[in-house]
Amino acid sequence: MTKKLKKKIIRVGIGALLFIAAVIVSKVANVYVGLAIFIAAYLVLAIDVLKNAAINISHGHIFDENFLMMVATFGAFFCKEYGEAVAVMLFYQVGECFQTYAVNKSRKSIKSLMSIRPDFARIEVDGEEKEVDPSEVNIGDIIIIKPGERVPLDGNIIEGRSAMDTAAITGESLPKEVGPGELVVSGWVNKSGVIKVSVTSNFSQSTVSKILELVEKASEKKAKAEQFITVFSRYYTPSVVGAAALLFIAGALITGDTLTWMYRAMTFLLISCPCALVISVPLSFFGGIGGAGKVGILIKGGNYMDTLSKIDTLVLDKTGTVTKGNFALKHIEPSKYFEDAHKGKAKETLLKITAIAESYSTHPIAASIVEAYAEKIDKKDVGEITEIAGKGICAEIGKDKVYVGNRKLMADVIIPDDEKETDTCLCGIDEGTIVYIAVNDRLAGHMHIVDEVKENAAVSLAECKKAGIRKIVMLTGDNERTANAVCKAVGIDEYRANLTPMDKVKALEEIMGESGVNVVAFAGDGINDAPVLTRADIGIAMGAMGSDAAIEAADVVIMTDDLSKISKAKKIAAKTIRIVKENIVFALAIKLLVLVLAAFGIAHMGAAIFADVGVAFLAIMNALRALK
């Protein structure tokens with residue numbers, strides 16, 4: 001509980017005691033003494049309302065809840081309903097206390113995200129450790145992170161091993177084991193060993209800074225429901241003030257009973273306060289964003305909640321989204337020529353020359369071949385390396401030219417008789433990528449590289465279907481054979497293969513134009529999928545730690561590569577929107593009913609208090625459900 005809330009509760013308590021004393025004194029002692037105590041109680045309870053009303057009126061903003069409360073209670077005093085005037089303000093302030101508590105509770109979930117901001121970075125200067133502001137550290141500097149400390153900047157471990165608590169960024173509860181060469185991300189907490197890290201991004205570009213910027217901007221992007229309430233309040237409040245004035249004038253002229261109709265008009269004004277809507281709707285979105293953030297799902301604003309809840313078609317990237325993105329060498333098959341030339345050692349020799357040829361490449365497939373070789377490569381043996389666009393590479397190794405690439409490359413370099421052998425390479429292979437190798441003008445063999453499907457992919461996509469996603473489509477730059485195998489393995493409805501990044505945009509637009517398709521989401525890794533993430537109705541970046549492209553292009557950022565969080569994000573959005581609609585319908589229905597009753601003199605100040613404070617309290621309590 002904040003100090004401000006404690007002070008408010010104490011003030012409300014004092015006002016309540018004065019109110020009780022005034023009621024007792026008015027009944028058993030002097031009425032005028034009782035009135036004095038009523039006024040004292042009113043001033044204690046209403047001082048902030050009167051102050052805010054005066055300030056708003058001086059700025060030209062007349063019609064708000066403070067103005068309505070002030071006019072309604074002044075009217076009650078004029079009608080000599082002193083107890084009701086003070087009771088209205090007392091219950092209003094009790095409701096305000098609950099509102100403050102609810103907002104603070106909602107903000108805690110956002111503050112838990114904001115707490116990932118690091119306080120310092122530890123660097124070594126002249127053999128001594130020094131704590132500096134993270135913004136003062138440059139790329140390439142070495143920082144030291146001790147157990148219990150938060151990682152201040154993104155970087156690669158150069159020394160030491162540890163277990164990292166990644167929950168603040170990813171929402172995952174299990175620690176992540178890390179060692180030399182592995183990336184650590186700002187915002188993680190070091191749980192065990194001392195590690196030294198080489199910084200790869202400055203503070204303004206670090207993961208934690210990008211997340212904090214995203215969270216800070218989220219509240220600026222209002223959903224349609226929030227925009228509706230803003231516009232609604234602008235016209236609603238002056239309308240009900242006019243209606244109350246008309247009710248008073250018409251009633252007084254017809255019956256001649258000024259006090260009765262003034263009381264009814266004041267009750268009418270009190271009922272009309274839009275507190276329940278003005279408070280609960282943004283609070284619901286705020287809670288939904290905070291609740292999603294706790295499980296590693298960052299939603300950029302309430303406006304994206306609307307779209308997210310209505311997704312009926314999900315389009316996915318393959319590599320890194322449905323599959324692990326970690327390529328592995330599954331099979332090596334030397335050609336007949338190469339087998340004869342290297343009797344008994346053909347596979348080992350083929351792997352060696354291919355690894356040497358690919359040793360300068362950073363492509364994941366090349367890395368998988370080098371990793372499979374697992375021996376130190378002497379790059380002195382490598383001469384000129386030429387990249388052949390869209391086909392592969394040519395590397396001079398000793399006196400030989402080694403070609404590594406696809407069938408198109410083989411068709412250009414090997415003799416016709418060997419080219420026939422490439423037709424048999426795909427036999428029995430229904431997934432993965434085939435890499436062909438030629439030495440000079442002869443086919444040396446081929447390698448089968450696979451990208452494993454994520455363990456939870458099939459279950460996660462089944463959950464998406466249960467959450468209301470009717471159709472799932474995969475877009476990939478990989479071949480038809482691999483795409484088909486992946487889709488069968490995980491239960492994807494359709495696929496489009498052999499696509500470039502711009503082909504993916506075109507394919508997405510075709511899907512969006514199909515009949516029966518309403519809201520299309522695209523989920524990808526956000527690095528090379530930025531164009532299609534931007535084009536979709538809602539873009540979801542998967543495993544986007546450290547990815548500028550993902551943070552910028554996507555509307556929803558899932559900080560891990562866990563597909564199950566897509567359905568979870570949709571469920572959170574749907575629940576939040578449902579709560580918002582419940583509050584709007586409930587508040588308007590109750591207010592309209594009691595307004596009609598008040599106009600006919602059936603509902604009095606007690607009912608007005610419920611229609612204002614009671615409805616607001618119930619709506620706020622309902623809004624807090626979005627946090628869970």
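The values are calculated or read from the model by the stated rules, or taken from the named source; none is laboratory data. Note that the structure is predicted; figures quoted are calculated from it, not measured. Reconstructed Cβ throughout: ideal geometry from the backbone, glycine too, with neighbour counts over all protein chains shown.
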Would you check if Gly160 is surrounded by 14 or more Cβ atoms within 10 Å (Cβ to Cβ) and modelled with pLDDT of 85 or more?
-> yes
Taking Glu339, is it assigned to a helix (DSSP H, G or I), acidic (Asp, Glu) and either over 47 Å from the mean Cα position of the chain (by Cα) or within 30 Å of Ile566 (Cα to Cα) (or both)?
-> yes
Can you tell me which residue in the range 1-12 is nearest to the chain's Cα centre (by Cα), limited to those that are surrounded by 13 or more Cβ atoms within 10 Å (Cβ to Cβ) and not basic (Lys, Arg)?
-> Leu5
Of these, Ile369, Ile393, Ile385, which one is over 22 Å from Asn326 (Cβ atoms) and surrounded by 13 or more Cβ atoms within 10 Å (Cβ to Cβ)?
-> Ile385
Matching residues, the range 188-202, being of a type outside the set (S, T, N, Q) and not in a strand (DSSP E or B) | Trp188, Lys191, Gly193, Val194
Residue in the range 56-64 that is under 25 Å from Lys80 (Cβ atoms) and either in contact with a strand residue (DSSP E or B) (Cβ under 7 Å, 6 or more places away or on another chain) or buried (at least 17 other Cβ atoms within 10 Å of the Cβ) (or both) present | no
Matching entry among Glu509, Glu463 (being farther than 19 Å from Ile299 by Cβ, modelled with pLDDT of 80 or more and not β-branched (Val, Ile, Thr)) = Glu509
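To keep it simple, each residue is scored yes or no on (1) modelled with pLDDT of 80 or more; (2) closer than 30 Å to Ser201 by Cα; (3) not hydroxyl-bearing (Ser, Thr, Tyr).
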{"position": "Asp555", "(1), (2), (3)": "yes, yes, yes"}
{"position": "Lys568", "(1), (2), (3)": "yes, no, yes"}
{"position": "Thr576", "(1), (2), (3)": "yes, no, no"}
{"position": "Leu595", "(1), (2), (3)": "no, no, yes"}
{"position": "Ala598", "(1), (2), (3)": "no, no, yes"}
{"position": "His604", "(1), (2), (3)": "no, no, yes"}
{"position": "Phe617", "(1), (2), (3)": "no, no, yes"}
{"position": "Ala626", "(1), (2), (3)": "no, no, yes"}
The lone exception for Tyr403 - which of (1) part of a loop (DSSP other than H, G, I, E, B); (2) hydroxyl-bearing (Ser, Thr, Tyr); (3) over 40 Å from the mean Cα position of the chain (by Cα) it fails = (1)
What about Lys591, is it modelled with pLDDT of 80 or more and assigned to a helix (DSSP H, G or I)?
-> no
Do we have Ala569 as buried (at least 19 other Cβ atoms within 10 Å of the Cβ) and in a helix (DSSP H, G or I) here?
-> yes
Within the range 329-366, of all residues that are over 16 Å from Glu396 (Cα atoms) and among the hydroxyl-bearing types (Ser, Thr, Tyr), the one surrounded by the most Cβ atoms within 10 Å (Cβ to Cβ) is Ser335
Of the residues in the range 520-536 that are surrounded by fewer than 24 Cβ atoms within 10 Å (Cβ to Cβ) and over 18 Å from Lys565 (Cα atoms), the one that is modelled with the lowest pLDDT is Ile527
Yes or no: Ile39 surrounded by 15 or more Cβ atoms within 10 Å (Cβ to Cβ), more than 45 Å from the chain's Cα centre (by Cα) and at pLDDT 85 or above?
-> yes
